[in-house]
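The structure appears right after this line, and notes come after that.
Just so it is clear, none of the values below were taken in a lab; they were calculated from the coordinates. Because the structure is predicted, anything quoted here is derived from the model rather than measured. Neighbour counts are summed over all protein chains in view; Cβ atoms, including those assigned to glycine, are modelled from backbone coordinates with ideal geometry.
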């Protein structure tokens, strides 16, 4: 989870190509703050932890409740217009979105289950309460699958092969191919493949983060996704974990700590 959150807060100051599309930038500045990506990552993790072993309907109800609770607690975190309306509804319904929000909040699903079939099912459920377009579902499933495979010691080549064969994403381009024309776009289909490519090209956790930010565009969300996979593959350096916690509010810290406590680990 910290990988996703670090990606969010490190990428946030450089969104809309404000980072000059380079890997040479300060990791942390005064503008390195968490956004809606972090808030919803914690919300989804809470709901999934609360509903382990429960029915699909119970899981979806918990997701809606948790996402609305956290979203209303942090109303100015940077949500899209459709999601803002969804947060305010008494009986919210999915609205056919294929936005990259489905993939940026799904990290917990990549960790909590013992097989990839369940991982994919739960990832799809986390998307379906808002982003029920097939591309939104696919983006969430692909991200959670990459996390699952990474934490189960699959190589980056094996992860790539699975993602291409199961989801049909084009992972043939390099980041150098992507970078010159990449722009701010908020769809899963134009964010998840780029995030996975940044993960594959990175040499360690920090390098994945820098590579993802260097692509530009919606790079807080893109780097959130890449960082969530990188954590599963490389782990998060202690020094970055400390800097992350320094920038979190107490309730989000508690949500993060609860997630890691489930695995009897400290992050």
Choose one answer from 53, 101, 11: the residue with the largest mean-square fluctuation in a GNM of the chain with alpha-carbon springs under 10 Å. 53
Take every Cα pair under 8 Å in the chain that's 6+ residues apart, average their separations, divide by the length, and report that relative contact order as a whole percent. 30 percent
In percent, how large is the relative contact order of segment 23-157, given Cα pairs closer than 8 Å and 6 or more residues apart? 25 percent
So if we plug the beta-carbon distance of residue 89 and residue 261 into 1/(1 + (r/R0)^6) with R0 = 30 Å, what FRET efficiency do we get, rounded to 0.05? 0.40
Nearest-0.05 FRET efficiency for residue 181 and residue 58, computed from C-beta distance (R0 51 Å): 0.70
Out of 251, 115, 17, any idea which swings most in a Gaussian network model of the chain, alpha carbons joined below 10 Å? 251
Rg (one decimal) and Dmax (whole number) from the Cα set of segment 181-254, in Å, equal 12.9, 40
Under a GNM of the chain (C-alpha, springs under 10 Å), which listed residue has the highest mean-square fluctuation: 132, 204, 176? 176
A student asked for the Cα radius of gyration and Dmax of the chain in angstrom ought to give 16.5, 47
Taking a ≥ b ≥ c as the square roots of the eigenvalues of the Cα gyration tensor of segment 1-63, is the shape rounded (a/c under 1.5), prolate (a/b larger than b/c) or oblate? prolate
Explain nothing, just the number: relative contact order of segment 194-262, from Cα pairs under 8 Å at least 6 residues apart, as a whole percent. 27 percent
Along the Cα-to-Cβ line of residue 243, 7 Å from the Cα, sits a label point; which residues in segment 21-51 have backbone N less than 16 Å from it? 23-34
Just to verify a number: FRET efficiency for residue 251 and residue 31, C-beta to C-beta distance, R0 = 30 Å, to 0.05? 0.90
Using the Cα gyration tensor of segment 113-213, with a ≥ b ≥ c the square roots of its eigenvalues, what is the shape: rounded (a/c below 1.5), prolate (a/b larger than b/c) or oblate (neither)? oblate
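What length, rounded to one decimal in nm, is gained on full extension from residue 157 through to residue 16, with 0.36 nm per residue of separation minus their alpha-carbon distance?
47.7 nm
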7 Å from Cα along Cα→Cβ at both residue 50 and residue 77: what's the point-to-point distance in nm? 1.4 nm
